[in-house]
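The values are calculated or read from the model by the stated rules, or taken from the named source; none is laboratory data. Just so you know, these numbers come straight off a predicted model, no measurement behind them. FYI the Cβ positions are ideal-geometry reconstructions off the backbone, even for glycines, and counts take in every protein chain you see. Heads up: the accessible areas ignore ligands, DNA and RNA and are worked out on the full protein's heavy atoms, side chains in. Shrake-Rupley method; radii C 1.70, N 1.55, O 1.52, S 1.80 Å.
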Amino acid sequence: MTEPVIDKPTASATHDVIGPGHTFGSVTDKISVIVLTQKTPQGWWIGFGLSFLLVMVLFYAITYLLAAGVGIWGVNVPVAWGFAIVNFVWWIGIGHAGTLISAILLLLRQRWRTSINRFAEAMTLFAVACAGIFPLIHLGRPWFFYWLFPYPNPMGIWPQFRSPLVWDVFAVSTYATVSLLFWYIGLIPDLATLRDRARHRFARMAYGILAMGWRGSAIHWHRYETAYLLLAGLATPLVVSVHTIVSFDFAVGIVPGWHSTIFPPYFVAGAIYSGFAMVMTLAIPLRAAYRLQDLITMRHLDNMAKVLLTTGLIVAYGYLMETFFAWYSGNEFEMYMMANRLAGPYAPMYWALLFCNIIVPQVLWFPRLRAHVPLLFIVALIVNIGMWLERYIIVVTSLHRDFLPSSWGMYSGTIWDWATFVGTIGLFLALLFLFIRLLPMISIFEMRELVHTEESERN
Amino acid sequence: MAQIFHPSTNTLSRVTIFGALFLIIGLLWLLAQINRSPYVTDVNVVRAQPVPFSHQHHVSGIGIDCRYCHKSVENSSFAGIPSTSTCMNCHAHIWTNSEMLEPVRESFRTGRPLRWTRVHDLPDFVYFNHSIHVQKGVGCVTCHGRVDLMPLMRQAESLQMEWCLACHRAPARFVRPREHVFQMDWVPSIDQQDLGEELVRKYNIRVEQLTDCSICHR
């Protein structure tokens, strides 16, 4: 990778959603060449190789887990929910930015979504894939995972429909399905472009099958637009519902630190916060490596930074209210839980989380700092870490000091917890590397549309 | 530019897309069928035994009561497998030279018990108790089938949890008067539902408790 490019906040650069001088042809060339080029860049091989190594770590950790059982993890009474749930919530949260960008910003006709929606959606899918691993492997007997689904089984019983853990199954599987459909339908016109431009016979066949016979006729476009809009409508409630239900996993339990009505909105804001942080973490190196500064412009980074700041402030409000209500409740266990968070054995992590999630993003108030690309990257990275710490604090500090001091304990992840977590990061990155090599990471036809509308506005 | 695909690809892709849907539904249906089939449940599968003991002969032919051999069925969780000496009560006198009965005589001589193959084997996490079922009027036949008609022992019911629950959810459909529990050919003289509801009251069967997890899984 070359040294990071610092973009000067010139007037046009901050306002344009696409660099000047682009035509239909140049946009198509620029994006499709990344995929159709015969020679894979060396940087790609290094990045993919390292991620793939981590995927192997993941496989190793899961294989050992299946052989030995969850005892290899750090979980035990009283902290029976450890890394698995922390990572699940973290990954699911990251996925939310993709859905928000693709569905809500589409319905709100925010044109700046166009160049970031494709890889944000891909990121969503891969994050959900990583998230989905954890609830499955944290089951005592993962091979019976299908017991979570209501099906006419020979046991003659249904899952407990009053449990949010069952709602989770539906929320997450719906989310994964809708995200996949949305992403794939959005890809079809571009797959057809790749099919038409590919030289290699195999590539033409592969893209041709995936393009499902797209010819770009008026009727195709009409149906496409209808389907895409309908799916956007379907995906919109998912932005809010999925993390609401994830928050119910905690909020429904009568555990100080979990049993709180602010959890659903605070989790949703946190999800979008972490999701945008991840989009920026990925977009900034990508645009530098593939020289996409005129497609993912300073306007995009600026807007994303603003979303980051806004959701960060909502999350900060959530922390504040959590603390306030612990005191205001007058409940001795609630108050003790909060005192323990602020000054107990996990206090350094709590303060680190406040630093990462509240203090650091305040730099985004300043337009000059928002134009500083490496700084944005660092802020996004810190927010990613902060959001992981948040989930760790919620899961662990609420559990480790139970109502009775006789059932107090400490928790920390074992080497296998870390191996699984790092392994999913590897899986996520490996899938992402494959995606940028094999599929157009920016929507080609939507960029052409953008060239057209920008032009007609200028004239 | 030449076409990449032959026109027949259109039909092929339509068929595969719709076909996949039916294929998945069909596979799930197949799995559900296999899960309830004798391949999994062993219903009606005859197991090899050291001696080909015939319940048909001993029960309907000779008329021996169930409790002569399964003597702890009324007051223990385990119905009881007869000791060799129980067999020898009769077989010391009849069929004394039978080749078939040699393992029984050998067991008697050496004092080493016969190793029967268990036919009704519940998982270890299920705590089944024979005595409570007998006391509350569940006939032997209700679970074990017409053993008086079985030359060789086999399972009559699946013993899957849905089968247990069918009775635990609505015992009135199955219970009979206590005095008829060991009768093989008993049929209700009035409507089973009316009789059952009366007996559920009479025997103080508390249906609301019967589906608690801890009733069977302790």
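Summary of computed values
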| item | result |
| --- | --- |
| Reach of B:LYS71 by Cα under 19 Å, taken over lysines that are not fewer than 8 positions away in the same chain | B:LYS136 |
| Mean projected area (nm²) of the alpha-carbon convex hull when chain B is viewed from all directions | 21.2 nm² |
| Simple Cβ-charge dipole of chain A, Lys/Arg +1 and Asp/Glu -1, about Cα centre, in debye nearest 20 | 1100 debye |
| Nearest-10 value in Å² for the accessible area of A:THR311, using the 1.4 Å probe | 10 Å² |
| Of the trypsin sites (Lys or Arg not before Pro) in the range A:70-179, those whose Cβ has at most 16 other Cβ within 10 Å and which sit in DSSP loop | A:ARG109, A:ARG162 |
| Solvent exposure ordering (accessible area, 1.4 Å, most first) of A:ASP417, B:ASP124 | B:ASP124, A:ASP417 |
| Normalised convex hull volume, chain A, alpha-carbon set, Å³ per residue | 167 Å³ |
| Loop-resident sites, the range B:1-59, for trypsin sites (Lys or Arg not before Pro), counting at most 12 other Cβ within 10 Å (DSSP) | none |
| Nearest-ten-degree value, helix A:332-343 long axis tilted from longest Cα axis of chain A | 60 degrees |
| For the range A:217-256 versus the range A:95-161, the gap between their alpha-carbon centres in whole angstrom | 10 Å |
| Rounded to 10°, Cα long-axis angle of helix A:24-36 versus longest principal axis of chain A | 60 degrees |
| Filtered chymotrypsin sites (Phe, Trp or Tyr not before Pro), the range A:152-203: DSSP coil and at most 14 other beta carbons within 10 Å | A:PHE161 |
| Cα long-axis angle, helix A:263-289 against chain A (0 to 90 degrees, to the nearest 10) | 40 degrees |
| Leading residue at positive end of dipole, the protein assembly as shown (Cβ point charges), from B:GLN3, A:PHE24, A:THR323 | B:GLN3 |
| Approximate spin-label separation A:SER406-A:THR177, in nm, with each point projected 7 Å along Cα-to-Cβ | 4.8 nm |
| Selected from B:HIS58, B:HIS93, B:HIS168 as most flexible by GNM, with chain B as the system and alpha-carbon contacts under 10 Å | B:HIS93 |
| For the pair B and A, total buried accessible area rounded to nearest 100 Å², probe 1.4 Å | 1000 Å² |
| Mean Cα-pair separation over length for chain A, i.e. relative contact order, pairs under 8 Å, 6 or more apart, % | 34 percent |
| Reach of A:LYS30 by Cα under 16 Å, taken over aspartates and glutamates that are not fewer than 8 positions away in the same chain | A:ASP190, A:ASP196, A:ASP294, A:GLU446, A:GLU449 |
| Solvent exposure, largest accessible area first (probe 1.4 Å, DNA, RNA and ligands not counted), of B:HIS144, A:HIS372, A:HIS96, A:HIS222 | A:HIS222, A:HIS372, B:HIS144, A:HIS96 |
| At least 24 Å along the helix axis (C-alpha) and Kyte average at least 0.5, DSSP helices within chain B | B:8-35 |
